[in-house]
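Input: a single structure, listed below in structure tokens.
Read-outs: derived from the displayed coordinates by stated rules, not from any lab. Model, not experiment: these values are computed from the prediction. Note: ideal-geometry Cβ built from the backbone for every residue, glycine included; neighbour counts use all protein chains shown.
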Amino acid sequence: MKLAVIALLLAGGAGLAAAEPVVERSRLEVQPGGQPIKQLAIENPLGDVKIEGYDGASIQIETRKLAPDDEGLDRLRVSLVPNPDGTVRLTTTADGGSEYRKLPRGAVRIDLIIRAPRDARIDAVASGGHLEMLNMDAGGELDTASGRISVRNVSGELVTNTVSGDTSLVQVFGTIEAQALSADLSLDTIAGERLVASVNHGKIAGRRIRSRHVELMSTDGRITVEAEAVLRGRLVVSSLTGDVEVRLRRSSPVTIRARGTKVNLGNAMANVKQQQDAWLEAQVGRVAPGATPALVQLSSRHGNVELVFIE
Amino acid sequence: MKCDDVRPRLTAYLDGELEGDRGSVVRGHLRECAACRHVATDEAALRDGLRALPTLDPPSSLWAGVQAQLAAAEVADARKPAWKRALARWAPSAPRFAFGGVLAAAAIALVWWRTHRADEMPQVADNRPTPPVISPTFKAASQAPASAAPASADDVTADLAADAARLTDSYAMTAKELRALAAEARGRWSADRQAEYDAKLVELDAAIAQAAPGRAQQRAWRALIRYVQGAVVRDDVALAGVAP
């Protein structure tokens with residue numbers, strides 16, 4: 001009896017050992033063809049994608065595939081199509097067919113680490129994996145379903161979209177458009193011509209925001225932002241039910257418009273005038289004739305609005 | 001529906017767990033009943049307050065202690081015979097089940113406390129403006145790609161093929177929710193602005209219908225969501241499509 005139990009346990013142990021996933025790693029370098037690599041399109045619905053800019057001209061790709069067994073590993077495909085016009089397309093998928101045993105999506109994974117020329121534009125799509133872009137100079141478009149998006153030290157035109165992955169943009173310079181449906185958005189050290197960011201369910205937190213035109217919007221989340229009012233710029237921060245808190249650096253005259261359940265405009269409260277449309281308006285700083293002051297417009301229909309001037 | 005029927009459902013309603021008619025019935029009652037509205041507002045504030053509690057960072061010494069214990073456990077584990085290690089893989093399930101039971105009991109107690117607390121609220125008239133209770137029914141749908149897959153997609157290849165449809169569903173549900181909020185807000189807009197909003201929606205809907213399935217269509221959905229959200233959040237059609 002005892003022997004039978006031990007044999008059973010050993011068989012179980014062997015089964016567990018067999019359940020250890022199989023991992024395959026590979027590296028590949030793509031040299032530019034006729035033209036330098038201008039654009040890199042990546043689609044990896046099976047795992048993480050990390051894109052890092054560097055000073056070289058080629059693209060270096062590290063792939064890590066993971067599956068429960070060799071058959072699963074064989075189904076995982078990474079395809080690379082370099083085009084003569086300077087675009088490179090990298091896609092991952094899993095082969096299907098009746099000859100294969102069923103394999104749950106959660107049991108397989110492909111992670112990509114890509115080093116690309118800094119001046120290549122990136123167009124990347126992930127699903128539940130983490131999408132990360134670092135040190136690039138030509139911006140890009142990043143989409144995920146539930147995966148996080150992280151961008152650091154990137155310039156150019158940047159667009160990020162996610163359904164439910166939190167988004168973090170740090171040291172991004174250029175024209176930025178970020179949208180999330182049910183996720184939080186974090187912004188740190190942003191500058192450039194335009195920043196438009198919206199979340200539907202989630203909060204927005206920003207600091208060191210210096211873009212000329214800024215629009216931040218959340219339907220039911222709180223927005224806290226530390227920003228600089230740029231000459232002739234515009235800062236529009238709005239939430240439907242969340243609180244809006246803005247810490248503002250000001251070096252030029254500012255027109256402030258605010259509306260909320262409770263509004264506190266700090267030092268500007270002394271100059272506040274109630275408008276007919278229920279907005280409070282205040283002018284801070286002397287506007288020279290013919291000059292256009294920066295506009296700061298803060299609103300929350302069912303939340304509080306607070307503005308603090310900082311030195 | 002009476003207050004006694006609505007109160008027990010408020011938590012589920014605020015958490016977005018009432019779908020379709022069940023949610024709209026509660027919403028309809030909230031529009032008419034100041035007392036229940038008060039309770040709902042209170043409950044939503046409580047929930048928001050709990051969410052807003054600051055995260056406490058553990059002291060760094062804690063991590064050092066954890067690492068030391070992990071190291072000791074690994075050494076002890078390595079000294080065990082193989083069969084004991086195999087057996088140990090199954091053993092932790094028991095405490096997990098016990099912990100799950102405790103969690104379930106705590107959740108039941110919390111729900112009981114909330115509903116009974118709501119029952120004790122005084123029935124007073126409340127003239128404060130009611131924030132729109134944003135039905136989060138679509139939250140689950142919008143998060144679907146993170147966790148759920150269609151029942152038929154039990155293989156990775158089929159599941160991948162369903163990705164685009166799931167994303168489109170998430171966008172469609174969000175757009176539907178925002179349009180419902182916009183319908184409530186439009187009463188405050190002038191006739192001109194209502195017409196401008198309607199015309200823009202026709203244009204955006206047409207763009208979605210004409211876009212090729214996949215990323216192009218998702219872009220069109222996002223444009224519609226951004227516009228309607230702008231109209232709802234800023235309560236001002238003129239600002240909804242603002243492009244500096």
Taking amide H positions as placed in the peptide plane 1.01 Å from N, state which residues far from residue A:303 in sequence (5 or more) or on other chains have amide H under 5 Å from it. A:261
Across bins of 10 angstrom width beginning at 0, how are the C-alpha pair distances of segment A:127-202 distributed, in whole percent? 23, 59, 18, 0
Tell me the net charge near residue A:170. Cut-off is 12 Å between Cβ atoms, residue A:170 excluded, with +1 for each Lys or Arg and -1 for each Asp or Glu. +1
Rounded to the nearest 500, the 222 nm mean residue ellipticity computed for chain A from DSSP H runs (n ≥ 4, each -39500 (n - 2.57)) alone is -2500 deg cm²/dmol
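How much net charge surrounds residue A:63 when only other residues with a Cβ under 10 Å from its Cβ are counted (Lys, Arg +1; Asp, Glu -1)?
+1
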Within segment A:53-172, the percent of DSSP beta bridges that are antiparallel, given to the nearest 5, stands at 40
Ratio of the Cα radius of gyration of chain A to 2.2 N^0.38 Å, where N counts its residues: 1.31
For the residue pair residue A:274 and residue A:130, what label-to-label distance in nm results when each label sits 7 Å from Cα along the Cα-to-beta-carbon direction? 5.2
What residues qualify as long-range amide H neighbours of residue A:155, i.e. H under 5 Å apart, gap of 5 or more or another chain, H built at 1.01 Å from N? A:136, A:137, A:138, A:139, A:173
Under-5 Å amide H pairs with residue A:235, H placed in peptide plane, nonlocal only: A:214, A:295, A:296, A:297
Here segment A:117-129 yields Karplus 3J(HN,Hα) values (6.51, -1.76, 1.60; θ = phi - 60°; whole Hz; Gly and Pro given as x) of x, 4, 8, 7, 7, 10, 10, 10, 10, 10, 10, x, x
³J(HN,Hα), Karplus 6.51/-1.76/1.60, whole Hz, each residue of segment B:190-202, x for Gly, Pro: 6, 4, 4, 6, 4, 5, 4, 4, 4, 5, 5, 5, 4
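What translational diffusion coefficient, to the nearest whole µm²/s, does segment A:169-232 have by Stokes-Einstein, given a Kirkwood radius computed over alpha-carbon pairs, a temperature of 4 °C and 1.567 mPa s viscosity?
Estimated via Stokes-Einstein, D reaches 113 µm²/s.
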In vacuo Debye scattering of segment A:62-199, one point per C-alpha: log10 I(q)/I(0) at q = 0.11, 0.18, 0.19 Å⁻¹? -0.47, -1.02, -1.09
May I have the convex hull volume per residue, in Å³, for the Cα set of segment A:198-311? 89
Residue-by-residue Karplus 3J(HN,Hα) for segment A:53-68, coefficients 6.51, -1.76, 1.60, Hz, glycine and proline x: x, 8, 7, x, 9, 9, 10, 10, 10, 10, 10, 10, 9, 9, 8, x
In degrees from 0 to 90, rounded to the nearest 10, what is the angle of the helix A:2-18 Cα long axis to the longest principal axis of chain A? 60
Debye equation applied to the C-alpha atoms of segment A:152-194, log10 I(q)/I(0) at 0.20 Å⁻¹: -0.56
Taking the highest mean first, how do the peptides B:22-30, A:54-62, A:134-142 order by number of other beta carbon atoms within 10 angstrom per residue? A:134-142, B:22-30, A:54-62
